[in-house]
1. Hey, got a sec? Which GluC sites (Glu not before Pro) in the stretch 689-747 land in a DSSP loop and have at most 14 other Cβ atoms within 10 Å?
2. Once you put a point 7 Å from the Cα of His250 and another 7 Å from the Cα of Ser547, both along the Cβ direction, what distance in nm separates them?
3. Could you work out the Kirkwood radius for the stretch 422-511, taking every pair of different alpha carbons, averaging 1/r and inverting it, reported in Å?
4. Obtain the nm distance between the two label points defined at Asn477 and Glu86 by a simple spin-label model: each point lies 7 Å from its Cα along the Cα-to-C-beta direction.
5. In whole Hz, with x marking every Gly and Pro, tabulate ³J(HN,Hα) for the stretch 552-566 from phi via Karplus 6.51 cos²θ - 1.76 cosθ + 1.60, θ = phi - 60°.
6. Could you compute the FRET efficiency for Arg613 and Ser266, with r as their C-beta to C-beta distance and R0 at 30 Å, rounded to 0.05?
7. How much length, in nm to one decimal, is gained on full extension between Arg715 and Ser736, taken as 0.36 nm per residue of separation minus their Cα-Cα distance?
8. If the only charges are +1 at each Lys and Arg Cβ and -1 at each Asp and Glu Cβ, what is the size of the charge dipole of the stretch 544-600 around the Cα centre, to the nearest 20 debye?
Amino acid sequence: MATSVGAESPRTGLTRRSRSRNILSRIRHGQITGRGLSRGTQIPEALLQERDKRARWHGIPVLLQKLYESSHPNSDLSQTHGVVKEMSSLLSMEAMSFVTEDRKTAQESTFPNTYTFDLFGGVDLLVEILMRPTLTTQKNTSKMSDDLVKDCLSVLYNCCICTEGVTKSLASRNDFVLFLFTLMTNKKTFLQTATLIEDILGVKKEMIQLEDIPNLPTLVQSFDQQQLANFCRILSVTISEPDVGNDDKHTLLAKNAQQKKNASPSRAEVNQVTLLNIPGFIERLCKLATRKVSEATGTSNFLQELEDWYTWLDNALVLDALMQMATEEAEHSSTESSDESSLATSPLRHRLPQSMKIVHEIMYKVEVLYVLCVLLMGRQRNQVHKMLAEFRLIPGLNNLFDKLIWRKQTSNHVLHGQNQNCDCSPEISFKIQFLRLLQSFSDHHENKYLLLNSQELNELSAISLKANIPEVEALVNTDRSLVCDGKKGLLTRLLAVMKREPADSSFRFWQARAVESFLRGATSYADQVFLLKRGLLEHILFCIIDSGCKSRDVLQSYFDLLGELMKFNIDAFRRFNKYVNTEEKFQIFLNQINSSLVDSNMLVRCIVLSLDRFENQTEDVKVVEVLSECCLLSYMSRVENRLSFLFRLVNIINVQTLTQENVSCLNTSLVVLMLARRKGKLPFYLNALREKEYAEKYPGCLLNNFHNLLRFWQRHYLNKDKDSTCLENSSCISFSYWKETVSVLLSSDRTSLCAIASYIDEAFMDLERDFLEV
């Protein structure tokens with residue numbers, strides 16, 4: 001007898017309706033009809049509830065079913081929001097634990113709730129809910145509330161930081177990424193949107209094109225200053241060249257090959273142009289970078305400020321810095337007044353907003369300075385320089401220097417792991433970005449004189465007048481209305497803090513780089529004397545000889561700075577000899593140079609070039625006196641010492657290992673040989689290299705290697721105008737003479753005494769091999 005619909009089956013005890021919810025039946029039905037399960041929410045609720053207890057899903061699959069059923073078009077979105085809020089509370093605790101528990105990676109810890117949410121299609125469902133208004137043509141659909149959008153974005157972000165693969169999955173959906181930018185027009189959802197976009201763009205394989213963002217100029221112009229600062233966090237990902245993460249890719253061989261392969265501008269370069277074409281964009285960044293904390297708007301309401309602050313809390317160091325500053329304020333107040341009643345009326349919770357504003361403003365400026373720094377180093381450098389000068393970025397930073405940028409020694413302020421100067425700390429990051437900006441701003445550009453004030457510019461003019469030399473053209477052309485205000489310019493302020501920096505501070509590296517960039521380019525006697533008068537040379541020598549500094553990066557930066565400061569300057573060599581006044585000091589100095597020639601070779605080049613010039617100025621009594629007295633010049637004047645440097649410079653590099661960092665060794669060796677060629681001694685030096693090979697029992701090795709290096713030099717420099725200009729300016733040797741010397745050395749004429757080939761026995765000759773081979 002047939003059973004009626006809904007009746008029990010005598011064999012199974014299940015109703016026919018229950019049977020249709022059996023998971024195996026559903027799968028089999030899907031195989032037959034071609035309409036199988038497409039989302040986790042289609043799994044029977046009874047099975048989910050039964051399995052939930054064992055798997056500890058905390059009801060998430062069932063909640064997702066409710067979310068799906070309540071989020072259809074024209075449905076009551078208040079119910080949808082209720083389900084989202086319920087799930088958000090389940091997921092947010094896991095996200096917070098990820099942030100606070102030593103920032104464990106997804107591989108090191110498990111996050112069952114977010115994993116379950118994604119496993120059952122929750123991420124895809126939320127994306128569908130958010131984008132639905134853009135995918136429907138119906139006019140009467142329910143409008144999503146701002147709170148619902150915010151909660152959806154927060155849940156997605158929690159899944160991104162807790163569950164591996166979610167961020168990459170979202171990043172692969174270009175339509176969703178571009179859609180997120182449209183949500184930034186709403187101030188109420190801006191912060192959550194910006195945080196999620198930043199996370200997604202950080203893993204996106206193919207860099208987004210800013211010009212694809214709908215109405216980008218209008219969007220950017222609608223931002224208030226705080227939103228613009230947050231937006232800079234996103235922009236930093238879109239305008240920076242991706243880090244290849246492989247040392248082999250950083251070799252000049254690899255870079256040159258990549259440039260040939262990709263002759264057109266990169267996406268990052270295209271994005272930089274897109275930004276520069278947005279009206280008022282650079283001007284607003286300059287205002288953000290230079291505004292005072294008291295001028296920051298939008299933080300008068302403490303609760304609003306806390307919501308704003310929430311976006312930064314993924315960095316626990318921010319909280320450390322915040323509480324440290326609040327504590328310092330409390331201690332400062334207690335030393336000024338012991339009146340208990342005054343302290344009682346100023347509890348920590350009242351002081352916290354001001355501390356928060358300071359760190360908040362610092363973190364904003366970090367992002368803004370980074371964007372400006374990247375633009376300064378791009379192809380549109382001159383255009384950016386002109387705008388930064390016009391909008392008075394440098395005078396603005398100068399006014400902030402003492403009160404915000406370098407208001408205290410940071411090294412004792414925030415500790416992080418084993419490195420107290422880790423740039424994860426907000427104030428440390430701020431200082432480093434500031435110094436990087438100064439370096440990029442000054443490097444080989446006439447606008448570097450904007451780092452001085454009017455009195456200091458007058459001092460430079462007076463130095464030139466006293467030395468009876470013409471003023472540098474860039475100095476004459478400097479617009480005095482755009483230079484620094486106050487008693488000191490930015491460069492002078494930087495020198496003052498540089499001298500006070502602790503011996504083990506990593507800031508020494510960045511400070512030295514920033515000051516060195518002011519001196520780089522065509523050598524200016526007045527610039528050197530300006531810095532010599534402020535004791536810079538003695539400070540550098542103290543750091544190299546007496547401070548016990550062991551950091552190779554810091555020592556390299558000081559060697560480079562010392563080279564620029566002393567080059568062709570007889571007064572500098574006299575000061576050097578006055579400081580290095582014992583044989584012990586001189587030997588320490590030489591040991592530092594010899595311990596890493598890659599780091600010190602620019603200084604060696606400076607000494608060799610200066611010695612050559614001074615030897616041609618024997619009619620000058622002062623020069624003759626210094627030549628006879630200076631231990632450094634006497635040391636380099638001995639040919640055996642110059643040859644020793646040449647041997648090592650050629651031996652520590654080869655074509656396959658050349659990078660932007662060590663290619664200077666090749667150029668320094670060329671300087672030694674060019675100066676020898678001028679004096680007709682090039683054959684002597686080449687023969688010395690040959691004798692060195694045989695003495696070391698590796699005939700042909702040194703000269704074959706040098707031959708390959710020079711072949712690479714031709715390919716590299718003859719197609720790069722900027723590099724050739726830098727070589728010419730730094731050495732005061734015309735680039736035509738550089739090219740001519742390399743051609744002479746590479747001549748295939750074995751009868752030429754100036755050709756490398758003449759000094760390699762045929763049995764050991766390996767000149768024709770393609771140097772691209774490993």
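A short reminder: the numbers here are calculations on the coordinates, not readings from a lab. Quantities reported herein were computed from a predicted structural model and do not represent experimental measurements. Backbone-built Cβ (ideal geometry, glycine too); neighbour counts: all protein chains shown.
1. Passing both the DSSP loop test and the Cβ count: Glu696.
2. 2.3
3. Taking every pair of different Cα atoms in the stretch 422-511, averaging 1/r and inverting gives 14.7 Å.
4. With each label point 7 Å from Cα toward Cβ, the separation is 7.1 nm.
5. Residue by residue, the stretch 552-566 yields 5, 5, 5, 4, 4, 5, 6, 4, 4, 5, 4, x, 5, 6, 9 Hz.
6. Values: r = 41 Å, r/R0 = 1.38.
Computed FRET efficiency for Arg613 and Ser266: 0.15.
7. Residue separation times 0.36 nm, minus the Cα-Cα distance, leaves 6.1 nm.
8. Working: 7 positive and 8 negative charges, 26 e Å.
For this selection, approximately 120 debye.
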